[in-house]
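One structure below.
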Amino acid sequence: MIKSGPYLADCWNSTVHVKKWLQDRNMTAKDAYQYFVLKAQEMAIAKGWTPVNWLQDRNMTAKDAYQYFVLKAQEMAIAKGWTPVNWEETFNSFKENLNPRTVVHNWLGGGVCPQAVAKGFRCIFSNQGVWYLDHLDVPWEGFYNSDPLEGISNVSEQNLVLGGEVCMWGETADSSDVLQTIWPRAAAASVGIKALGLFRPPVMLTPAPVAGSPTK
């Protein structure tokens with residue numbers, strides 16, 4: 001996923017492969033963003049598509065089109081034997097139409113995992129308020145004390161929570177400080193869920209030299 005905005009260059013320049021792609025074409029990150037937008041427009045025009053007439057031809061709103069796209073993508077994934085994992089927006093918007101095999105990825109805020117498992121969906125906990133490593137204001141204690149099963153007392157529903165994921169986006173880090181940004185807070189989340197005895201197989205932590213940041 002590519003986001004436009006002030007951090008675009010930082011995101012795009014963060015990997016060796018992207019840097020090489022840009023260098024081979026003598027492009028900046030902003031050049032590449034414009035290139036892909038124009039290419040997409042070119043392809044759409046060649047097929048006689050515009051966002052407006054595509055929606056009008058199908059008597060759809062933008063929200064209808066979002067649901068149509070997600071459900072079509074789910075169909076394609078399931079046809080290949082894959083499991084669709086969707087960010088929670090799909091559950092929040094049209095839970096009644098999602099395929100029962102959907103795994104809901106809770107990232108926006110609290111309370112979504114209990115709602116998802118109550119509807120019979122599996123869920124991954126990744127609340128950005130406590131488990132996003134690029135939120136530099138969240139101390140390690142916030143990662144450690146977060147309970148993915150909070151608000152879920154039914155054992156069968158607890159078993160639908162597949163686990164948790166701490167996330168690191170690239171806008172606030174580069175190769176000079178990414179390890180310090182990730183550690184030790186990611187380890188705190190890992191130790192925390194192990195201490196709670198939540199998930200099987202148990203979390204295994206192997207000591208390794210890491211350029212971690214101070215805990216205070």
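Brief remarks follow.
- Surface share of carbon and sulfur [accessible, 1.4 angstrom probe, percent] for the stretch 22-144: 57 percent
- Counting only protein heavy atoms and a 1.4 Å probe, the stretch 64-145 has 51 square angstrom of accessible area per residue.
- Shape call, the stretch 16-81: gyration tensor on alpha carbons, a/c limit 1.5: oblate
- J(HN,Hα) series, the stretch 17-32, from Karplus relation 6.51 cos²θ - 1.76 cosθ + 1.60, nearest Hz, glycine and proline x: 5, 5, 4, 5, 4, 5, 5, 4, 10, 6, 10, 8, 4, 5, 4, 5
- Entries of Lys39/Lys119; Lys63/Lys119; Lys20/Lys194; Lys39/Lys63 with Cα pairs more than 31 Å apart: Lys39/Lys119; Lys20/Lys194
- Residues whose amide H lies under 5 Å from that of Gly163, counting only those 5 or more places away or on a different chain, are Phe125; hydrogens are built 1.01 Å from N in the peptide plane.
The values are calculated or read from the model by the stated rules, or taken from the named source; none is laboratory data. Predicted, not measured: the structure shown is a model, and the values here were computed from it. Heavy atoms of the whole protein, side chains included, go into the accessibility calculation; ligands, DNA and RNA do not. Shrake-Rupley method; radii C 1.70, N 1.55, O 1.52, S 1.80 Å.
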